[in-house]
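These notes concern the structure reproduced below.
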Amino acid sequence: MASSNRNDLSSLYSAITKDKGKPLDYWEVAALLEIYGIRDIDAKNEYGFENVFDMAKYMQRYIDTKTYPVKSLVKWEELPSFGIRVVKNYIRGLAFAMPMFVQIFFTLSIGYAIWSGMDMDRTKATFIAIGTFLALIVTGASAQAIGRKGLFYLKQQEVILASNVTKTLVNVGFILVIVIGVILMLFNFFFEVLPPYYFFILIMFYFLLSFLFLNVAVYYMFEEYTKILYFFLFGMVLVYITHSILKIKLPEAQFIALVILDIILSFFAYRKVTNLKKQNVISEGEGTPRASILFYSLIPFYTYGLLYFIFLVADRIVAWSTNVAAKPYFIWFDVPYELGLDWALLALVLLMGLTEISIHEFMYRINDLVIQYKHQDYKKFNEAIYSFFKKFNLIYLIFSIVIILITYFAIFITYKITDLPYIENFFHGYTPFVFWMGSISYAFMVNGLMNVLFIFSFSRQNYSVFSILIATLVNVIVGMISSRMFGLEFAVIGLLVGSVLFWWLSFKHSVNMLKKLEFYYYSSF
């Protein structure tokens, strides 16, 4: 039997090289045999060779008799065309930001949304905003950790680990929200900083939105952005029914809607994570990483998530706290400033679609070119990717200018053909100034986010954390100085300078990585 097997091993050779490139020599053939499961004892007993290496020497005669697929990490023939791919990824990126769009669109069109209301008195609006900001900041860190670790295990098809780790991180997020909420309640109980009713508004929005954002983070992990949009639209319908049909006042109507939405979303999110364990899993254990190791590995993502959401809301807090002596509370909601930034956020939503395009196209090209270039040609590989990086940044610059102009003219045309009061107010006071500065800021910020995604993809989290940390500090410092010297609307200058700095630092780190991409590519795994 051994002699017969030794005479013709072409079928075995075809099996071990299936979907592989052409082996360089018998050493690679030996490696393929071992990967296939052939041991020295198998080579001797079944095929009549002394060991796997003798067997590989014999089989290298087949190397030039076979045809091989071209080595490639990217199967271009299975991908849509470039145009279709770009459109799909842009829509995917838009879907990621659609919940923000729903909130802004309904606020500016009918005057209220899930957690906002243009006709509310300024005291209520102030504490709703504070509760919202606290929810974003406290849950932002957990959302980043859930998205990073849960998605990592999903991509590795380690579904049990994905389920266990996600539950752990979500539970930690809930505990953190509750602990901070209890501290706030005790603080206000003993020191009576805020009147009970207004503190109740603040704490209710803090808890309800925190639970909402944590559950939504689970769907972001699964990259099911369309379902998130449906949940937010459903929440908007609930607010409309309770407020416009049942005539319940705001914010009580929003409390009712958020409670219902949180219960429904919690049920579906929990079921979705739990159902992962029901999938067919082969040779996957039930264990989860030790808590200390898990959270240590996630510290950069917790830090980045916390700083990112502080960065997003910092200019508002700075603006609303200007001239405290003339205001009833230390922060006081400013409608013209908020309107300007809300309209600027529409430009941000449209620009967010480019983040999906950028990361997908970069990864396609990097994984494609890394096969084409030999190791001694690493400089050409780096230059090819750097060239693509520069072209994409130029396209983004042009696109961002177009988007900002389209947003402005859309507002202007709507103002001319409708009589919506919230659009008419856009052209009063310093709202246009805040819009232009905010839009430019968000354009730089989104470009910085693209750089950060690139940096994250090569496991260099500290660069991203450093960029957002410095940008946040500058945002606050410049905003404080400019708003106190020239007026509250100039707090947006802090956002602008911080966004430009965030882009520049992340851009500089990206360029440095691209110049040594061969090192960062292989050291990231």
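The values are calculated or read from the model by the stated rules, or taken from the named source; none is laboratory data. None of these values were measured; they are calculated from a predicted model. Note: ideal-geometry Cβ built from the backbone for every residue, glycine included; neighbour counts use all protein chains shown.
Details
- Complete set of residues in segment 376-390 that are touching a residue at least 12 places away in the same chain (Cβ under 8 Å) and not aliphatic (A, V, I, L, M): Tyr378, Phe381, Asn382, Tyr386, Phe388, Phe389
- Taken over segment 308-328, the criterion of being surrounded by fewer than 20 Cβ atoms within 10 Å (Cβ to Cβ), of a type in the set (Gly, Ala, Ser) and assigned to a helix (DSSP H, G or I) is satisfied by Ala325, Ala326.
- Condition met for Ile137 (in contact (Cβ under 8 Å) with a residue 24 or more places away in the chain and either of a type in the set (Lys, Arg) or under 30 Å from Ile175 (Cβ atoms) (or both)): yes
- Test: Ile331 is β-branched (Val, Ile, Thr), loosely packed, with under 14 Cβ neighbours inside 10 Å, at pLDDT below 90 and not in a helix (DSSP H, G or I): no
- Taking segment 382-414 as the range and being surrounded by fewer than 16 Cβ atoms within 10 Å (Cβ to Cβ), polar (S, T, N, Q) and under 29 Å from Ser483 (Cα atoms) as the test, no residue passes.
- Test: residue in segment 203-221 that is small (Gly, Ala, Ser) and more than 26 Å from Ser163 (Cβ to Cβ): no
- Residue within segment 13-29 that is in a loop (DSSP other than H, G, I, E, B) and at pLDDT 85 or above present: no
- Residues of segment 93-152 classified as among the small types (Gly, Ala, Ser), out of contact with any Phe, Trp or Tyr (no Cβ under 6 Å at 6 or more places or on another chain) and closer than 20 Å to Val446 by Cα, total: 3
- Members of segment 472-494 that are surrounded by 22 or more Cβ atoms within 10 Å (Cβ to Cβ) and either of a type in the set (Phe, Trp, Tyr) or under 29 Å from Phe388 (Cα atoms) (or both): Phe490
- Of all residues in segment 415-432, those being touching a helix residue (DSSP H, G or I) at 6+ places or on another chain (Cβ under 8 Å) and either surrounded by 15 or more Cβ atoms within 10 Å (Cβ to Cβ) or part of a loop (DSSP other than H, G, I, E, B) (or both) number 11.
- Whichever residue in segment 30-67 is in a loop (DSSP other than H, G, I, E, B) and not polar (S, T, N, Q) and, among such residues, is farthest from Ile371 (Cα to Cα): Gly48
- Against the list (1) out of contact with any Leu (no Cβ under 7 Å at 6 or more places or on another chain); (2) among the β-branched types (Val, Ile, Thr); (3) surrounded by fewer than 19 Cβ atoms within 10 Å (Cβ to Cβ), the condition Ile455 fails is (3).
- Qualifying position, being modelled with pLDDT of 90 or more and closer than 18 Å to Tyr304 by Cβ, among Gly479, Gly494, Gly498: Gly498
- Residue in segment 463-472 that is part of a helix (DSSP H, G or I), under 25 Å from Glu361 (Cβ atoms) and at pLDDT below 90 present: yes
Every residue, every condition in (1) under 22 Å from Leu341 (Cβ atoms); (2) under 17 Å from the mean Cα position of the chain (by Cα), yes or no:
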residue	(1), (2)
Asn451	no, yes
Asn462	no, yes
Ile477	yes, no
Arg484	yes, no
Val511	no, no
Leu514	no, no
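- For segment 382-438, a residue qualifies if it is of a type in the set (Asp, Glu) and under 30 Å from Tyr522 (Cβ atoms), and exactly one does: Glu383.
- Qualifying residue in segment 251-270 (condition: outside any helix (DSSP H, G or I), farther than 30 Å from Val159 by Cα, without any contact (Cβ under 8 Å) to a residue 12 or more places away in the chain and of a type in the set (D, E, K, R)): no
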